[in-house]
Amino acid sequence: MTDVHPEPMLHVSSLTKTFAGVTAVDAVSFDVRPGSIVGLIGPNGSGKSTTIDCLTGFTRPDSGSARFGGRDVTGWRPEQLAAAGMVRTFQNVRIYEGMSVTDNLVVAARSLRRFTWAEQVLKLPRITRHEAELREEALSHLRLVGIDKYAEAPAGILSYGQRKLVAFAMCLMGRPRLIILDEPLAGVNPTVIRRISGLIDTLNAEGQTFLLIEHNVDFIMRHCDKVIVLEQGRLLTEGAPEVIRSDPRVLEAYLGNYAEYAEEEETLHV
Ligand SMILES: Nc1ncnc2c1ncn2[C@@H]1O[C@H](COP(=O)(O)OP(=O)(O)OP(=O)(O)O)[C@@H](O)[C@H]1O
Ligand SMILES: [Mg+2]
C-alpha cells in the first residue's frame, strides 16, 4: 500500500535560541515535505535567519531538535549537513573575492566529499579526476544561472546580483536534497528576480525541495506550497498561501506593512 503520509524531509521540533536574554527563536516547529517549496516570512528581527542558522549548524540551538532525511541532525556541523544534502545561502552573500567564480563553486563542493591530508598531498589520480568532474559540474550550474562567461573571472568583480546567482549556483553543487535560501531576491534587479524565480520553478518541477526566506511577499505567495509566519521568534501560523494572505493576524503582523507599501506604490504610479 502506498504511504500517503511519508515522513517529512525536514522535521523541526521546538527549536529555541536565546541571545543575551533575547529569545530570537522560541519553540518553533514545522515540517518541510519532499518536493515542496516552503516559505518562511516575518518582520525584521522575527528570527528567520536564526532559525536557519540553527538548522544548518551555524549556531547551536539552546533546545529543540531537527530531523533530516529520517536522521536526528541536531547539532551537526554545516559540512556534515551539506554532505547529508542540506545546503544554504546567506543573507549577505559569502564569496571568496580573490578566487575565480568556478573555484568558488569547487571549494563549496569540496566539503561534500572529504579526502585525507595524505591523499591531497599525494594528489592521487582519483582526486585529480574528482577535481575535473567538479569543474565540469560547476560550469554546468554557471550556465544554468546564466553567468558562465564569468567562470574564470575573479569573483570580486561581480555585481551584487551576479554574486547572488553565484551563491545560488554554489548550492546546486553535489545535488542537494534541500536548498535553503535566505533572501535570494533582496537587492537584485527585476531581471535577476525573474531569473532566480524561474530557476526555482524549473528545479522544483524536477523534484527539488526549497525552504525560502523572503520579504518579497508576491514571490512567496506565487511560488510556495506552504508559508510559515514568524513573529518575535514564535510561529504565528502556517498554511497555504491563500490562507496566509487573508489571515488577519498575519495582515497585522506583517502583510499590513506590505499592503501600505503596495498602496503607496500604486499612488506613485497613478
Ligand atoms: N549573533 C547574534 N547575537 C545577538 N543577537 C542576535 C544575533 N543574531 C540574531 N540576533 C537577534 O535575534 C533576533 C532575530 O534575528 P534574525 O536575524 O534571526 O531575524 P530575521 O527574521 O532574519 O530578520 P531580517 O528580516 O531583518 O533578516 C533579533 O532580535 C536579532 O537582533
Ligand atoms: Mg534574516
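The values are calculated or read from the model by the stated rules, or taken from the named source; none is laboratory data. Everything numeric in this text was worked out from a predicted model, so none of it was measured. Because the Cβ atoms are built from the backbone with ideal geometry, glycine has one as well, and the counts that use them run over all protein chains shown. Accessible surface is based on the protein model in full, side chains and every heavy atom, while ligands, DNA and RNA are left aside. Shrake-Rupley method; radii C 1.70, N 1.55, O 1.52, S 1.80 Å.
Note on Ala132 and Ala153: with the Förster distance fixed at 25 Å, the Cβ-Cβ geometry gives a FRET efficiency of about 0.80. How much of the accessible area of the chain, in percent, comes from carbon and sulfur atoms when a 1.4 Å probe is used? Ligands and nucleic acids excluded, carbon and sulfur reach 51 percent. For the set Tyr96, Tyr150, Tyr160, the ranking by accessible area, highest first and with no ligand, DNA or RNA atoms included, is Tyr96, Tyr160, Tyr150 under a 1.4 Å probe. The residues of segment 10-269 expose, per residue, 49 Å² of accessible area to a 1.4 Å probe. Only Cα pairs under 8 Å and 6+ residues apart enter the sum, and on that basis the relative contact order of the chain stands at 26 percent.
Contact order, relative form, for segment 145-212: 39 percent (alpha carbon pairs under 8 Å, 6 or more residues apart, mean separation divided by residue count). Between Thr202 and Ser63, the distance separating the two model label sites (each 7 Å from Cα on the Cα→Cβ line) works out to 4.6 nm. With a cut-off of 15 Å between beta carbons, the residues surrounding Ala205 carry a summed charge of -2, where Lys and Arg count +1 and Asp and Glu -1.
Annotation for Val243 and Glu97: the two label points, set 7 Å from Cα along the Cα-Cβ direction, are 4.6 nm apart. Working note: 222 nm ellipticity from helices only, DSSP H runs with n ≥ 4, each -39,500 (n - 2.57), summed and divided by the residues of the chain, gives -12000 deg cm²/dmol to the nearest 500. Note on the chain: Lys pairs 8 or more places apart or on different chains, Cα atoms under 19 Å apart, count 4.
Rounded to the nearest 10 square angstrom, Lys48 shows an accessible area of 10 square angstrom against a 1.4 Å probe.
Computed over protein heavy atoms with a 1.4 angstrom probe, the accessible surface ordering of Ser46, Ser159, largest first, is Ser159, Ser46.
Taking segment 14-42 and a reference point 7 angstrom along Cα→Cβ of Asp72, the backbone N atoms nearer than 16 Å belong to 14-16. Sorted largest first by accessible area at a 1.4 angstrom probe radius, with every protein chain in place, the residues Glu214, Glu136 fall in the order Glu136, Glu214. Set Lys and Arg Cβ to +1 and Asp and Glu Cβ to -1, take the dipole of the chain about its Cα centre, and tell me which of Ala83, Gly187, Val166 lies farthest positive. Result: Ala83.
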